[in-house]
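Here's the structure we're looking at; comments come further down.
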Amino acid sequence: MASGELLYAAERMRELAHDDKLLDPEYRVLPTATPTEGVGVVEAPRGTLIHHYQTDERGVVQRANLIVATQNNAARMAMSVEKAAKGLIHGGHVPAEVLNKIELAFRAYDPCNACATHALSGEMPLRLTVRNRNGEPISEVTRAYR
């Protein structure tokens, strides 16, 4: 994020923190007792995140159920990765660019997953194993941490 964007974000947060509409009790309700259950839904760059928590009488979380975009997008990501790989791999030959295409395929659905697995070098480690009809590996290409 550029410094101008950071400054704008900080200024906008300050504006929102002092917005009378957001502080109005109709919009902002503070709990008066220890909550025993809560659900939150947040839209993030990778999709909708749903969090469900249950607590004990002290407010300590006893159960948490998180449904993240990775789960919602898993089938589509798998199909896109398969399409990218099958479009480039022919007869067991694995071209060098296949790992980049595979990474692009799932980043479209889950950019956070790629960032969360980066090494300090900025590249994400990947391994692709090509298997024959019997499931036996016939070739492999790997991009490891540097």
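Filter the range 105-146 down to the residues that are assigned to a loop (DSSP other than H, G, I, E, B) and aromatic (Phe, Trp, Tyr), then identify the one that is modelled with the highest pLDDT. Talk me through it step by step, then tell me what you get.
Of all residues in the range 105-146, those assigned to a loop (DSSP other than H, G, I, E, B) come to 108-110, 117-125, 132-136, 144-146.
Checking the rest, the ones that are also aromatic (Phe, Trp, Tyr) come to 109, 145.
Details: Tyr109: 78, Tyr145: 61.
This residue is Tyr109.
Give the residues of the range 36-55 that are of a type in the set (A, V, I, L, M, F, W, C) and either at pLDDT 85 or above or assigned by TED's automatic domain parsing to the domain that holds Arg107 (or both), sorted by residue number. Full working, then the answer.
Taking the range 36-55 as the starting set, the residues that turn out to be of a type in the set (A, V, I, L, M, F, W, C) are 39, 41-42, 44, 49-50.
Answer for the range 36-55, where residues must be of a type in the set (A, V, I, L, M, F, W, C) and either at pLDDT 85 or above or assigned by TED's automatic domain parsing to the domain that holds Arg107 (or both): Val39, Val41, Val42, Leu49, Ile50.
For the range 56-78, indicate whether the set of residues that are assigned to a loop (DSSP other than H, G, I, E, B), at pLDDT 85 or above and within 21 Å of Ser139 (Cβ to Cβ) is non-empty.
Step one: of the range 56-78, the residues assigned to a loop (DSSP other than H, G, I, E, B) are 56-60, 68.
When the remaining residues are screened for being at pLDDT 85 or above, the result is 56-60.
In the following step, the residues that additionally are within 21 Å of Ser139 (Cβ to Cβ) were identified as none.
Checked the range 56-78: no residue is assigned to a loop (DSSP other than H, G, I, E, B), at pLDDT 85 or above and within 21 Å of Ser139 (Cβ to Cβ).
Taking Asn73 as the residue in question, decide whether it is within 18 Å of the chain's Cα centre (by Cα) and surrounded by 12 or more Cβ atoms within 10 Å (Cβ to Cβ).
Working: within 18 Å of the chain's Cα centre (by Cα): yes; surrounded by 12 or more Cβ atoms within 10 Å (Cβ to Cβ): yes.
Yes.
List, please: which pairs have Cβ atoms under 8 Å, are six or more places apart or on different chains, and start with a residue in the range 27-39 that is more than 21 Å from Leu49 (Cβ to Cβ) and end with one that is of a type outside the set (Gly, Ala, Ser) and in a strand (DSSP E or B)?
Note: pairs meeting the criteria are Thr34/Thr55; Thr36/Gln54; Thr36/Thr55.
Any residue at all in the range 13-27 that's in contact with a Phe, Trp or Tyr (Cβ under 9 Å, 6 or more places away or on another chain) and either farther than 30 Å from Arg143 by Cβ or part of a loop (DSSP other than H, G, I, E, B) (or both)? Before you say what the answer is, go through the steps one by one.
Let us first name the residues in the range 13-27 that are in contact with a Phe, Trp or Tyr (Cβ under 9 Å, 6 or more places away or on another chain), namely 21.
Now narrow it down to the ones that are either farther than 30 Å from Arg143 by Cβ or part of a loop (DSSP other than H, G, I, E, B) (or both): 21.
Yes, the range 13-27 has at least one match.
Is it the case that some residue within the range 97-104 is under 30 Å from Arg133 (Cα atoms), assigned by TED's automatic domain parsing to the domain that holds Thr129, in a loop (DSSP other than H, G, I, E, B) and in contact (Cβ under 8 Å) with a residue 40 or more places away in the chain?
Residues of the range 97-104 that are under 30 Å from Arg133 (Cα atoms), as a first pass: 97-104.
Within this subset, residues satisfying the condition of being assigned by TED's automatic domain parsing to the domain that holds Thr129 are 97-104.
Those still in the list that are in a loop (DSSP other than H, G, I, E, B) too: 97.
Narrowing further to those that are in contact (Cβ under 8 Å) with a residue 40 or more places away in the chain: none.
No, there is no match, as no residue in the range 97-104 is under 30 Å from Arg133 (Cα atoms), assigned by TED's automatic domain parsing to the domain that holds Thr129, in a loop (DSSP other than H, G, I, E, B) and in contact (Cβ under 8 Å) with a residue 40 or more places away in the chain.
Could you figure out which of (1) within 24 Å of the chain's Cα centre (by Cα); (2) without any contact (Cβ under 8 Å) to a residue 40 or more places away in the chain; (3) assigned to a helix (DSSP H, G or I) isn't true of Lys86?
(1)
Have a look at Thr34, Thr48 and point out the one that is assigned to a loop (DSSP other than H, G, I, E, B) and surrounded by 10 or more Cβ atoms within 10 Å (Cβ to Cβ).
On the way: Thr48 fails: assigned to a loop (DSSP other than H, G, I, E, B).
It is Thr34.
Given the residues Arg28, Arg46, which is the only one that is over 27 Å from Ile102 (Cβ atoms) and not hydrophobic (A, V, I, L, M, F, W, C)? It would help to see each step written out before you state the result.
On the way: Arg46 fails: over 27 Å from Ile102 (Cβ atoms).
Just one listed residue meets the conditions, Arg28.
The values are calculated or read from the model by the stated rules, or taken from the named source; none is laboratory data. Source: prediction; values computed, not measured. Positions of Cβ are backbone-derived with ideal geometry, glycine not excepted, and every protein chain shown enters the neighbour counts.
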